[in-house]
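The values are calculated or read from the model by the stated rules, or taken from the named source; none is laboratory data. As the structure is a prediction and not an experimental result, all values here were calculated from the model. Methodologically, a virtual Cβ is constructed for each residue, glycine included, from the backbone with ideal geometry; neighbour enumeration extends over all protein chains shown. Accessible surface areas use protein heavy atoms only, side chains included; no ligands, DNA or RNA. Shrake-Rupley method; radii C 1.70, N 1.55, O 1.52, S 1.80 Å.
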Amino acid sequence: MAPGVKLMQKISSTMLFAKLAPHFIPALDKAVHKLSRGKVMLSAQMLPGVILTAKGARTGEPRTTPLACMPEDGGRTWLLIGSNFGRPGHPAWTGNLLKNPDADVSWKGRDIPVRARLLEGEERAAAWRAVLGFWPPYATYQARIEREIRLFRLERR
């Protein structure tokens, strides 16, 4: 593991990061993604990422959200982790996927239609173990909140 990754894991586990990151990381990711025509996300330099476009649960309008992800099967499926940086409350994009599971992701410059599925039971437990091996700070996020972090598997449509 690169030395910078260990440092980022330590920083991303702090409360200060949880308070500040939601205000600048998504905006920065959206801007760089747009400028690079879908080929670059700054946060993806540490963790793989997708740009999720899903219909809003209340409005039905498209909502675009840059998200860290855990690619599976060589990028044929993805796990999305509704950590909300370890803050209370599920992130809005998780509610959107619960109501409207058909969505699109931009992955490495390609737009891919996907269907999201909320993981539960043993399937969720196995995915959670994999996620913690992939990015250990998620355990810190889960420890400081009472809700269970939602995990979704995105599969190509």
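Structural remarks
- Any hit, region 35-55, residues being among the small types (Gly, Ala, Ser) and at pLDDT 70 or above: yes
- Residue list for region 121-136, filter: under 14 Å from the mean Cα position of the chain (by Cα) and open to solvent by 70 Å² or more (accessible area, probe 1.4 Å): Phe134
- Screening region 48-66 for residues that are β-branched (Val, Ile, Thr) and in contact (Cβ under 8 Å) with a residue 12 or more places away in the chain and picking the one that is most open to solvent (accessible area, probe 1.4 Å) gives Thr64.
- Of all residues in region 85-100, those that are modelled with pLDDT under 95 have Cβ atoms under 6 Å from Cβ atoms of residues that are surrounded by fewer than 19 Cβ atoms within 10 Å (Cβ to Cβ) and not in a loop (DSSP other than H, G, I, E, B), 6 or more apart or on another chain, in Phe85/Ala21; Phe85/Pro22.
- Only residues that are without any contact (Cβ under 8 Å) to a residue 12 or more places away in the chain and closer than 26 Å to Leu20 by Cβ were counted in region 101-132, giving 1.
- Qualifying residue in region 137-148 (condition: touching a Phe, Trp or Tyr at 6+ places or on another chain (Cβ under 9 Å), surrounded by fewer than 20 Cβ atoms within 10 Å (Cβ to Cβ) and among the hydrophobic types (A, V, I, L, M, F, W, C)): no
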